[in-house]
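These notes concern the structure reproduced below.
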Amino acid sequence: MHPLRKTLATVTIASALLAAGCTSDAKNDAAKAEYGADGKIIIDTFAPANADLNLDTNPVTKVMSDKFKIQFRWQTTTFDAGPAKEKRQIALASGDYPDLFMLIPWVDGFSQADVLKLGKQGVAVPLETLIKENAPNIQKALDTNQTLKAMSTAPDGHIYALPQWSDCFHCSYPNKLWINSAWLKKLNLPVPKTTEELRTVLRAFKTQDPNGNGKADEIPMTADVQDGHLIDYLMGAFAYPPAGANNGGLGLLTLNGDKVSTPVNTADWREGLKYIHSLFAEGLIDQAAFTQNAEALQAIGNNKDAVMIGSAPLLHPAIFVNLGSKDGRDKQYDAAPPLTGPGGKNYSGLNYPSSSTFTFLLTNKASKEAQVAAIKMLDYIYTTEGTDTAVMGPEGVGWTKPGTGDVALDNSVQPQYKRTPGSEAPKNLSWDSMAQYNLTLAYRNAAVVPMDIYAEAGYERRLFQATKLYEGHDDKAQFFPTVSVWTDPAVSAEIATLKTNLDNYVSQGELAFITGSKNIDTDWDAYVKGLDGVGLKRYLELNQKDYDRYKAQK
């Protein structure tokens, strides 16, 4: 989309959302129930689906439909985050929104600000009474998991939406670098441990034809805008990168004692950007890393003619290369440790293991009958049986019970289930990421995982072992507990606007310095001054008040 048209579209959506907030439509009386010919309650449900997923014919849809007498009327988006978010925003702005949103956090989830706004408007239905009366498994999870309860409960005491809880060890340290070990071996190079060792490796990848096809077509480092951790991985050698999202993107906030602060205007951050620019200027970082979507990155990673990617700073390698590739290229990528910079720093950003956004939200378009059916369905997903079915699909197809000699991911516990590898499982088998609401650490660690970390079925163990390289390189003293600190509803709109403006300003500024369209030596001071122009001081002040309230309530 042309930048001007994109800006106008954003303004139009924002204006429409504002207008929607000023109407009384959201406060209407409870909607009337609508039933299908078979007597099932019809629930209009908004959800992401890629080309392999048909929610109408999906076996989990049938299980939920039969068990809870629900006829789903799906409104789907793709897995591309930008269009998915835009479609959701347009639906809400127009007033033509569904009964139920069931989103995927790494595609597009509701933020705290979104949830507060929709709750205040009356669009989001409070869930706490529904849960207490109909969902004992959800209630138990809230009562026993204090972080889940804190992140689910708005400052006014209501639960307007629920996040997914997936206690994922490897997700706790998303800023990983996956590097082509086969290329390192061919070029007789060690795994890079410092910023300059990485430069040496990337230069060799670019110039010494490690894929052996006689062409200078190797891409030393790349990523995508949806999942990339390029800046935060490389920045860890200079400054602590604040928590953002597991699926990509930086945060803004850190702690200095009990003072809320940001590193993005510091001298250390500036040095990190200078280093990243120096790699980019040599052609060692792919220009497309800052513009391409996930599908484009996959196309490069799975190029049938040659292995193209030397390294990629991403949560895990299956984002850019198909597991079970016929030529075995997916086995070539291993994690490199956090880089050590010239000052001796080697941070790895810590993140909540679970999603920080909200994915299950009932709207005031849903009748009371639809609300009860939907929350009972979700409550089933909170059980072990429901999780097995919804996340993996039917037993015997998507998963089996453990056999003799099977070992759990945590080999000190008894294995409970054995998932069918993706290359062996049929497509359109389960709800998978749409249903990961109660994946506790105990549940995840009880999965059967082969000891061979390069087997497709051993992938989780590979990620578990790789993450050990990063564990302990975080700085919990600087970690801002984003999901537990709720915004004061009185300033939620202001803080949401400030965050949007600051995120855009920082990301555009960083990209300008990295690509060289701005000179970091001559333009840095103007960039720092501009942060106050888009509200940094006010943003820190408001977050300080929210953090102080959170600390007082602990």
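The values are calculated or read from the model by the stated rules, or taken from the named source; none is laboratory data. Bear in mind the structure is a predicted one, so any value in this text is a computation, not a measurement. Positions of Cβ are generated from backbone atoms using ideal geometry, with glycine treated the same way; all protein chains shown enter the neighbour counts. Surface accessibility is based on the protein's heavy atoms, side chains included, excluding ligands, DNA and RNA. Shrake-Rupley method; radii C 1.70, N 1.55, O 1.52, S 1.80 Å.
Things to note:
- Boolean, ASN180 is polar (S, T, N, Q), over 30 Å from ASN543 (Cβ atoms) and buried (at least 24 other Cβ atoms within 10 Å of the Cβ): yes
- Applying the set (1) charged (D, E, K, R); (2) open to solvent by 20 Å² or more (accessible area, probe 1.4 Å); (3) within 19 Å of SER356 (Cα to Cα) to ASP546 leaves exactly one unmet item: (2).
- GLU541 within 25 Å of the chain's Cα centre (by Cα), assigned to a helix (DSSP H, G or I), at pLDDT 95 or above and not aliphatic (A, V, I, L, M): no
- Among the residues making up segment 358-396, those that are in contact with a strand residue (DSSP E or B) (Cβ under 9 Å, 6 or more places away or on another chain), open to solvent by less than 30 Å² (accessible area, probe 1.4 Å) and part of a loop (DSSP other than H, G, I, E, B) are ASN364, ALA366, GLY393.
- Residues of segment 104-121 classified as under 17 Å from ILE90 (Cβ atoms), of a type in the set (A, V, I, L, M, F, W, C) and either more than 12 Å from the chain's Cα centre (by Cα) or at pLDDT below 90 (or both), total: 1
- Picking from residues in segment 42-54 that are in contact (Cβ under 8 Å) with a residue 60 or more places away in the chain and open to solvent by less than 10 Å² (accessible area, probe 1.4 Å), the one that is nearest to ALA294 (Cα to Cα) is PRO48.
- In segment 206-240, the residues that are in a loop (DSSP other than H, G, I, E, B), touching a Ser or Thr at 6+ places or on another chain (Cβ under 9 Å) and either among the aliphatic types (A, V, I, L, M) or over 30 Å from ALA81 (Cα atoms) (or both): ALA216, MET221, VAL225, ALA237, ALA239
- Hits in segment 92-108 - residues which are within 15 Å of THR363 (Cα to Cα) and buried (at least 17 other Cβ atoms within 10 Å of the Cβ): LEU92, ALA93, TYR97, PRO98, ASP99, LEU100, PHE101, MET102, LEU103
- Condition check for ALA493 on (1) of a type in the set (Gly, Ala, Ser); (2) free of Cβ contacts under 8 Å to residues at least 40 places away in the same chain; (3) open to solvent by 40 Å² or more (accessible area, probe 1.4 Å): one failure, at (2).
- Hey, VAL483 aliphatic (A, V, I, L, M), under 22 Å from VAL107 (Cα atoms) and either touching a strand residue (DSSP E or B) at 6+ places or on another chain (Cβ under 9 Å) or surrounded by fewer than 20 Cβ atoms within 10 Å (Cβ to Cβ) (or both) or not: yes
- Cβ separations smaller than 8 Å between residues 6+ apart or across chains give the following pairs from segment 82-97 residues that are among the aromatic types (Phe, Trp, Tyr) to residues that are not in a loop (DSSP other than H, G, I, E, B): TYR97/PHE46; TYR97/ALA91; TYR97/THR363.
- Counting only helices (runs of 4 or more DSSP H) wholly contained in segment 70-186, the ones carrying 3 or more residues that are polar (S, T, N, Q) occupy 136-144, 146-152.
- So TYR333, is it within 30 Å of ALA239 (Cβ to Cβ), in contact (Cβ under 8 Å) with a residue 12 or more places away in the chain and open to solvent by 40 Å² or more (accessible area, probe 1.4 Å): no
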